[in-house]
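Enquirer: One structure, pasted below without further comment.
Coordinate-derived values only; no laboratory data. As the structure is a prediction and not an experimental result, all values here were calculated from the model. Positions of Cβ are backbone-derived with ideal geometry, glycine not excepted, and every protein chain shown enters the neighbour counts.
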Amino acid sequence: MKKVLVVALSAILAVSMFTACGSKKSETANGTVNEDKLIMGTNAEFPPYEYYGDDGEVTGIDVEIAQAIADKLDLKLQVEDMNFDSIITAVQSGKADVGIAGMTVTEDRLKNVNFTDSYATGVQVVIVKEGSDITTVDDLFADGANHSIGVQSGTTGDIYCTDDIEGKKLGTVERFNKGADAVQALIAGKIDCVVIDNQPAKEFVAANEGLKILDTEYVTEDYAIAIKKGNDKLTEKINGALKELKDEGKVQEILDKYINAE
């Protein structure tokens, strides 16, 4: 009987110690999973916000902003490349502290994660072939329209087109894991256009002859950083760091480095 009691008490103590350790891990000074790291979940298929540089490392606007934030918080930045539609899940599960990937704040995303203050403004545009019968964004919404639109899965381009086009039976939405795959499908004549952020759109058009961006914009949106719901500590810390970086002109300096003012 005494032996059974000792074993039971040992088990309870072990569980208590495990729980305490687990709690401590999630209660670091900055609210990060690890005491000395800021783990960034991203999708390196979105130049100039995130892409692989010549050295084989992920670089771009978001990486440099994340590095500047990590420096402010005295943390080492760790970048994890993944599919775009896996980023929020990674943040929710603690595999990533933050999701930074040219991500727009939407009502659906706010149900699953918190967002920081905005750090940049993005514009969704439409890429078409030269000579396309799609000459303005309005052509996608015209009575009787029936276009095939390529998007990167899980992006706001996907969300908007699903609601605006597919939901209203004005065409079909073809989803791709990478924006580059959608562009290649356009070149091959498999789809009629691609809806994507303006900056990578410029990169794709410059690299592929016979494509152009429509003059009219699809939508303008703000980019922010996704953080696990309820992690107010990290949200507050990053918002504080962002404010300092904006006030110092560092955020604008990074944006100017990658985006040429027109």
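Enquirer: Anything in the chain that counts as a DSSP H helix reaching 27 Å or more along its axis (C-alpha) with Kyte-Doolittle mean of at least 0.5? List them, would you?
Expert: 2-25
Enquirer: Tell me the Rg and the Dmax, in Å, that the Cα atoms of the chain produce.
Expert: My reading of the Cα-based Rg and Dmax gives 22.1, 87 Å.
Enquirer: Compute the distance from the alpha-carbon center of the range 205-246 to that of the range 60-94, in whole Å.
Expert: That distance is 13 Å.
Enquirer: Given the options 83, 208, 231, state which has the largest fluctuation in a GNM of the chain using a 10 Å cut-off (strictly under) for Cα springs.
Expert: 208
Enquirer: Counting DSSP beta bridges with both partners in the range 123-220, what percentage is antiparallel, nearest 5?
Expert: Around 55 percent of the beta bridges assigned by DSSP in the range 123-220 are antiparallel ones.
Enquirer: Once you put a point 7 Å from the Cα of residue 148 and another 7 Å from the Cα of residue 110, both along the Cβ direction, what distance in nm separates them?
Expert: Reported label-point gap for residue 148 and residue 110 is 3.6 nm.
Enquirer: Name the trypsin sites (Lys or Arg not before Pro) in the range 95-164 that are in a loop by DSSP and that have at most 16 other C-beta atoms within 10 Å, would you?
Expert: 95, 111
Enquirer: Hey, another quick one. Cα atoms only: what Rg and Dmax, in Å, come out for the range 123-220?
Expert: 11.7, 34
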